[in-house]
1. Can you give the FRET efficiency to the nearest 0.05 for MET180 and LEU107, using r as the Cβ-Cβ distance and R₀ = 30 Å?
2. So what are the range 1-59's ellipsoid semi-axes, whole angstrom, largest first, if each one is the square root of 5 times an eigenvalue of the alpha-carbon gyration tensor?
3. May I ask which residue of SER96, ILE50, VAL229 lies farthest towards the positive end of the charge dipole of the chain, with charges of +1 (Lys, Arg) and -1 (Asp, Glu) on Cβ and the Cα centre as origin?
4. Hey, what does the equivalent ellipsoid look like for the range 166-260, semi-axes from the Cα gyration tensor as sqrt of 5 times each eigenvalue, largest first, whole Å?
5. What accessible area per residue comes out for the chain, rounded to a whole number of Å², with a 1.4 Å probe?
6. Quick one: length gained pulling ILE50 to SER77 fully straight, 0.36 nm per residue minus the C-alpha distance?
7. Which order, highest average first, do 277-290, 109-122, 47-60 follow once you tally other Cβ atoms within 10 Å for each residue and take the mean per peptide?
8. Return the percentage of antiparallel bridges among DSSP beta bridges fully within the chain, rounded to the nearest 5 %.
Amino acid sequence: SLAFVHIGKSGGSTISLLLRNGCIQAAEGETCEEERWKKFPGKVGETETIASQRIQFYLHVSNVDSGKMAEYYSRVSSIVVVARDPLDRWISAFLSRHPDNIDGMRLRNRAASLRAQARGQTPPIWAQKRVFGIDGVRNDQIHRVAYDGCYPNVQEFVDCATTDEPPSENDLYNTRIMFMEKAKMHFEQVTLNCRETCKEIAAATSRYIHHVRVNYEAYLKELPSDKEVFVIRTKSLWQDWVKLNNLLGSPKDVAIPDSINEGKVVNTQDKLPVRSNLSNEGRESLCKLLRNEYILYIDLLNRAVNLSDNDIKSALDDVHKNCPAILESIL
């Protein structure tokens, strides 16, 4: 019996689409839409895989927030996790909630949908995805202005979160938000303490960026040591997907996308306006903040029954490229 653990910004949305139980409600015994894998373009969506048949339910942010992860884990003997280098995952999580990128995703998805409809075609799956806020209309506006006034890019966030300067009035950002709630427009003056906010986000205790808060520790802290673990590496997504199905008993290799574009199904961040501008010094500082995440990530790799020594070495080579000092301090 298996569960699929979707650690955000690691490629799990793409794989979840290929699972008959790859939806939030499956963990509570409810059914997902029928034959959901058929939405996947090309040969990949033609046949249900053995992994889809074997995986009983899907775990994501709301399941962690429910406080029931220990109970979920007790119901299965094994888990399948999509895992990504913690630095790459963190940067992706930060950029995915940037207001300029959210607006860019909405415009891009609508434009792609209109082009497909004009040709009489079904829009790509990623273009059908609606991009929502995550914490209610008022708090979502606060999250947006926090990006504007406290951390407009990755480097400024790291500077904000790691500064040793004495607290000052410059830490405060005063602005006005407006939001529609219950058919009424509301206006409100807000004051944000940027330094406190940045440090809370870095410590994964703030709701401001949900995939930063719900991190490896949040997903894995209640995972018993005797559970069997399969890992699908983000950088080797399809290679590991094929191997997983083979280990679960597939008589032949499952189909994979014919092209890079076909494989980018959900949540692709291509061509969005805000990218990482992290300096080398900023990278070192962010790596230090993510040290515990790297410990958990490396432990997960070592537990994976489907990864070879070379697979693990390849993943650790990427860790060394991103955070060499952290890797040396762990191993």
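1. 0.90
2. 17, 13, 10
3. The residue sitting most towards the positive pole is ILE50.
4. 45, 20, 14
5. Counting only protein heavy atoms, the per-residue value for the chain is 50 Å².
6. Full extension of this stretch gives 8.1 nm more.
7. Highest mean packing first, the order is 47-60, 277-290, 109-122.
8. Looking only at bridges with both residues in the chain, the antiparallel portion is about 40 percent.
The values are calculated or read from the model by the stated rules, or taken from the named source; none is laboratory data. These numbers come from a predicted model, not from an experiment. We place every Cβ from the backbone using ideal geometry, glycine too, and count neighbours over all the protein chains shown. To get the accessible areas, we keep the full protein, side chains included, count just its heavy atoms, and leave off ligands, DNA and RNA. Shrake-Rupley method; radii C 1.70, N 1.55, O 1.52, S 1.80 Å.
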